[in-house]
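Student: Questions regarding the structure given below will be posed in turn.
The values are calculated or read from the model by the stated rules, or taken from the named source; none is laboratory data. Computed from a predicted model, the values in this text were never measured in an experiment. Quick reminder, even Gly has a Cβ in these numbers, built from the backbone with ideal geometry, and neighbours come from all protein chains shown.
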Amino acid sequence: SNYYKMTKILSLTALAFITFLFSLMMYSMFDPVANGMQLEVNIPWIATFGISYHLGIDGISLLLIMLTTLLSVIIMISSWNSVKSGVKGYFISMLMLETGMLGVFVSLDLFLFYVFWEATLIPMYFIIGVWGGPRRIYAAIKFVLFTMFGSLLMLVALLYLMFMYHSFAGEYSFNMIELYKMPIPLGAQTYIFLAFALAFAIKVPIWPFHTWLPDAHVEAPTAGSVILAGVLLKMGTYGFVRICLPMFPEATLQFVPLISILALIGIIYGALVAMVQRDIKSLVAYSSVSHLGFVMLGMMALNVQGLEGSVLQMINHGISTGALFLIVGMIYERRHTRMIEDFGGLAKSMPVFSTFFMIASLSSIGLPLTNGFVGEFLILLGTFKANPVYAIIAATGVILAACYMLWMLQRVIFGKITNPENEKLKDLDLREKIILIPLVILIFWIGIYPKPFLERLEPAVKNIVSIVNSSRTASEAGMSKGYKCVGDRCATHTVSIGGK
């Protein structure tokens, strides 16, 4: 029975590892200086409505693909001992979830994007609802209801865009590149932007749409929390970057102040609530609300530094917070508790564990020489250029992050061992070290030498910023959409503000 179980586990883990190898091949084939989409595949699917199996990547999607495939392998290995029942269903759900997330990041057809977006919902529901904690059903249903509400809004906006493109070009199309070039009156842009933005804001989640996240994190199994924080939330931020900014630039400019203020509230609120948590997993969950506020703030700076920092911080958050959730899961397997007061002095009984814990926590804070510092620095730099007041307020979030993370470290791994159950805890075994070492390498690699990552982001980021800036210039001249370039293809169209 155990042999059969391990055979299933290893074979399904091997599939995730093969996918990771393919992503490495993709990384090696990617040209960091080329503009536009690369490795494109475009096969007609439902030709009547202009739907195609259209895939492609740029630097933004490339890094998110790499993060997804790496974390998928790590969570599969981390689940070898923790899943006791329904092993096959659990690992298949993880692979289905990985497929959906990768599909979102490579889709260049808006309908295909929506299909993959929805495809992530079912496996995540089962991962939380079947293999989660005591309140798993409540958390899973809450997750589904929030996400479905956003998805419904997205579907309505998607259909509206389809008919709008038909009126413009005389044919149906969901091709994102073509939709970027379609002139959309400001009034229509506003409504469509709101529909997409609400769907993405719920997924990020931006305050005040965050209430589903702590429940989902706390009740999900360790691997579910890792992939939820590491990748699934990035689908929301990616949606803003891939769809909202380049497709609805004038509407984006209208809502920059509102989204920036919500991001700032999320930064401060998430940090303050994290400070009063007694459960380590809850603390890390609320820290995600704060960190993703930084991601949205940098994005809304609408300059190269802010957007580059925003995308890089998506990757950094996946690495650092993913490592923290893995570490919390490792100590939970030994003590079956996550309460901060139940620990103390773990550096004496588990020195290797404590070292990994400290590195991941300092990375989350944004200590220099770690990945978090590079992302937060670029975000604050870009935000300061756009609005110095926002940058000053956001900087307090960095200080608060140091407060709650160092407070947690002090009580969990430092000091004296006050609980006898912590004296004889086994330190990390080889499998657990193998899980964490790649993440630690990335923490220091990005922190010390971020050039390979930033140079792959730069062309895509500059392209998006140029689209928004050209729209800003056109709007200032009294036009809704003037001269607009996407990659090497451009369109000129003039529509008066108001859409008449």
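Student: Being surrounded by 13 or more Cβ atoms within 10 Å (Cβ to Cβ), under 17 Å from PRO438 (Cα atoms), out of contact with any Pro (no Cβ under 8 Å at 6 or more places or on another chain) and without any contact (Cβ under 8 Å) to a residue 60 or more places away in the chain is the requirement here; does SER23 meet it?
Tutor: Taking the combined requirement at face value, the residue satisfies it.
Student: Please pick out the residue among LEU245, LEU213, LEU228, LEU198 that is among the hydrophobic types (A, V, I, L, M, F, W, C), touching a His at 6+ places or on another chain (Cβ under 9 Å) and within 24 Å of ILE265 (Cα to Cα).
Tutor: LEU228
Student: Within 27 Å of PRO134 (Cα to Cα), among the β-branched types (Val, Ile, Thr) and buried (at least 24 other Cβ atoms within 10 Å of the Cβ): which single residue out of VAL284, VAL273, VAL311 fits that description?
Tutor: VAL284
Student: Can you name the residue in segment 36-45 that is in a strand (DSSP E or B) and aliphatic (A, V, I, L, M) and, of all such residues, is surrounded by the most Cβ atoms within 10 Å (Cβ to Cβ)?
Tutor: LEU39
Student: Further question: (1) of a type outside the set (Phe, Trp, Tyr); (2) crowded, with 18+ Cβ neighbours inside 10 Å; (3) touching a strand residue (DSSP E or B) at 6+ places or on another chain (Cβ under 9 Å); (4) in a helix (DSSP H, G or I): which one isn't true of LEU161, the others all being true?
Tutor: Answer for LEU161: the failing condition is (3).
Student: Considering only segment 46-64, state which residues are surrounded by fewer than 16 Cβ atoms within 10 Å (Cβ to Cβ) and either in a helix (DSSP H, G or I) or hydrophobic (A, V, I, L, M, F, W, C) (or both).
Tutor: ILE46, ALA47, THR48, PHE49
Student: So, one more: Determine which single condition ILE127 fails, assuming it passes every other condition in (1) of a type in the set (A, V, I, L, M, F, W, C); (2) over 17 Å from PRO221 (Cβ atoms); (3) touching a Ser or Thr at 6+ places or on another chain (Cβ under 7 Å).
Tutor: Status for ILE127: all satisfied but (2).
Student: Here's something else I'd like to know. Looking at (1) at pLDDT below 95; (2) under 19 Å from VAL328 (Cα atoms); (3) assigned to a helix (DSSP H, G or I), which one does LEU457 not meet, given that it meets all the others?
Tutor: Result: LEU457 fails condition (2) only.
Student: Select from segment 385-427 the residues that are aromatic (Phe, Trp, Tyr) and surrounded by fewer than 19 Cβ atoms within 10 Å (Cβ to Cβ) and write down the one among them that is nearest to GLY298 (Cα to Cα).
Tutor: TRP407
Student: Taking VAL352 as meeting all but one of (1) within 26 Å of ILE435 (Cα to Cα); (2) assigned to a helix (DSSP H, G or I); (3) within 23 Å of the chain's Cα centre (by Cα); (4) of a type in the set (A, V, I, L, M, F, W, C), write down the number of the exception.
Tutor: VAL352 satisfies all of (1) within 26 Å of ILE435 (Cα to Cα); (2) assigned to a helix (DSSP H, G or I); (3) within 23 Å of the chain's Cα centre (by Cα); (4) of a type in the set (A, V, I, L, M, F, W, C) except (3).
Student: Restricting to helices (runs of 4 or more DSSP H) lying wholly in segment 65-139: which have 3 or more residues that are under 16 Å from the mean Cα position of the chain (by Cα)?
Tutor: Result: 87-106, 110-119.
Student: Being polar (S, T, N, Q) and farther than 21 Å from PRO459 by Cβ is the filter; apply it to segment 36-57 and report the residue that is nearest to the chain's Cα centre (by Cα).
Tutor: Going through the qualifying residues, I end up with SER52.
Student: Of ILE243, ILE267, ILE259, which residue is of a type in the set (Val, Ile, Thr), closer than 20 Å to GLY59 by Cβ, part of a helix (DSSP H, G or I) and touching a helix residue (DSSP H, G or I) at 6+ places or on another chain (Cβ under 7 Å)?
Tutor: ILE243
Student: List every residue pair whose Cβ atoms sit under 8 Å apart, with the two residues 6 or more apart in sequence or on different chains, where the first one lies in segment 50-61 and is closer than 18 Å to LEU24 by Cβ and the second, anywhere, is aromatic (Phe, Trp, Tyr) and part of a loop (DSSP other than H, G, I, E, B).
Tutor: These pairs meet every condition: ILE57/PHE30; GLY59/PHE30.
Student: Here is a check on your reading of the model: is PHE143 among the aromatic types (Phe, Trp, Tyr), touching a Leu at 6+ places or on another chain (Cβ under 8 Å) and buried (at least 23 other Cβ atoms within 10 Å of the Cβ)?
Tutor: No, not satisfied.
Student: Give me the residue from segment 324-349 that is of a type in the set (Phe, Trp, Tyr) and part of a helix (DSSP H, G or I) and, out of that set, surrounded by the most Cβ atoms within 10 Å (Cβ to Cβ).
Tutor: Going through the qualifying residues, I end up with PHE325.
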